[in-house]
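These notes concern the structure reproduced below.
Readers should treat all values here as calculations from the given coordinates under stated rules, not as data from a laboratory. In this text, all values refer to a predicted model and were calculated from it rather than measured experimentally. Cβ placement follows ideal geometry from the backbone for every residue including glycine, while neighbour counts extend to all protein chains displayed.
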Amino acid sequence: ELGILDAGTGNVSVTATAGSIIDVQDDLVDVDGDGFATNTSRTVNITGTNLRLNAAEEIGEADDPVDTMVDTLAANAGGAVYLYESDTLTIGTVAPVTVNRVALESTIADVTDPADLVGVAATSYAKVETIDGSMTVDDAVAATSGDVLLAANGTGGDDDLVVNAAVTSGDNMSLLARDSVLQNANITSDTDGTEDDIGTIDVEAFSGSIIMDGDAVALTDNDNIRYTAEVDAGLGILNAGDAYVSVIARTGRIYDAQGDTVGVDSEGFATQTGDPRVVNIIANGMRVSAALDLNDDGGTVDPLDTSLNTIAGVVGQSIYIYETDDLTIGTVPAVPVERVALESTTATVTDAAPVSGLDAGTNAKVET
């Protein structure tokens with residue numbers, strides 16, 4: 001049970017071999033309308049450069065996370081992980097922390113951890129949030145049977161969430177950034193194998209863009225996926241199986257991050273000219289909303305590649321869709337996902353109403 005551990009620029013290791021690591025302060029958190037944590041009175045439990053936390057049971061509690069001010073974090077828990085960081089944070093690898101054990105007879109012996117601790121691993125929930133700073137995920141984050149929350153909050157401008165390593169959840173997943181989300185690795189939800197569970201994926205960039213690496217995948221077990229960006233949404237692969245996908249670019253465009261461009265044959269049909277074709281969206285249905293184009297850079301050579309039953313949407317400029325097989329331009333319902341909060345509530349985030357047909361300010365081009 002932690003009060004305050006202040007190592008300055010040193011490193012900190014906390015191990016609870018048979019129990020939990022919890023905050024004895026009464027600095028509880030709530031949740032705001034965007035899904036970020038709030039609290040009115042906070043005391044930092046752990047200050048240092050690198051932090052490793054290892055517990056047989058819980059690290060933090062649902063409404064009372066362990067409060068940190070560190071550069072790099074690694075954590076492993078037999079139960080849940082709840083961490084609330086002051087500023088910029090990297091989830092990565094932390095080497096063993098060595099201290100000197102002083103004996104009464106004036107010898108000193110080194111006491112150290114057995115091995116590197118890597119990423120964040122929890123049996124149930126894995127929830128990490130920054131108050132004012134970016135978060136970079138350089139090693140895997142996994143919640144075996146529960147939800148995942150990774151949230152980079154702040155005043156906007158440099159509060160990015162950068163995902164460079166795999167993120168997996170047994171149930172729902174929310175990746176939130178006050179600025180942009182940069183997804184360079186795969187994220188997967190609903191991995192616990194329980195048929196009755198919901199494992200949606202919820203990604204939102206409140207002031208910036210969502211930019212996926214072309215090969216990065218967001219995968220659910222037939223659950224909804226929702227990507228919402230204030231500016232642009234650059235898509236790798238979103239695979240919702242038999243469920244639905246909603247992609248929103250409030251002031252920008254939705255585009256294909258692959259280099260699989262198309263040309264035209266002598267009869268006027270599209271032909272692949274660039275890299276081998278990679279399907280961006282796999283789902284029962286997809287709805288799109290963009291202030292500008294649904295294609296790449298306003299050009300006509302790199303359409304969004306889909307494998308859908310139904311598509312619908314509204315864009316301010318042009319729509320370019322290249323579908324694998326049978327397609328209906330029809331009505332797609334609202335696409336709800338579960339937004340995961342640090343204090344362990346979830347809230348449904350969804351579209352206002354069903355959308356029908358394709359409405360484009362300039363060109364509307366769809367080909368199977």
* **Considering only segment 91-173, percent of DSSP beta bridges that pair antiparallel, nearest 5** => 25 percent
* To do: Find the centroid of the Cα atoms in segment 84-141 and in segment 11-59, then give the distance between the two in whole Å.
  => 12 Å
* Structure fact -> Rh (Kirkwood, all Cα-Cα pairs) for segment 36-75, Å, reads 11.4 Å
* What residues have an amide H closer than 5 Å to that of D113, excluding those fewer than 5 places away on the same chain, when H is modeled at 1.01 Å from N in the peptide plane? -> V97
* Mean projection of the alpha-carbon convex hull of segment 74-220 over all orientations, in nm²? -> 10.4 nm²
* To do: Would you mind finding the longest exposed-site-free stretch of the chain, with exposed GluC sites (Glu not before Pro) meaning DSSP loop and at most 12 other Cβ atoms within 10 Å?
  => 2-104
* To do: Kindly list the residues of segment 51-85 that lie in the label zone of N164, defined by a backbone N under 16 Å from the point 7 Å along the Cα-to-C-beta vector.
  => 71-74
* Asked: Tell me, how many Å apart are the Cα centres for segment 166-224 and for segment 235-249?
  -> 10 Å
* For E61, list long-range residues whose amide hydrogen, built 1.01 Å from N in the peptide plane, is under 5 Å from its own amide hydrogen. => D23, V66
* Amide hydrogen neighbours beyond the local backbone of Y255, cut-off 5 Å, H modeled -> A233, G234, L235
* To do: Express the Stokes-Einstein translational diffusion coefficient of the chain in µm² s⁻¹, to the nearest whole number, given a Kirkwood radius over alpha-carbon pairs, 4 °C and a viscosity of 1.567 mPa s.
  => 61 µm²/s
* To do: Could you tell me the distance between the Cα centroids of segment 274-294 and segment 62-78, to the nearest Å?
  => 37 Å
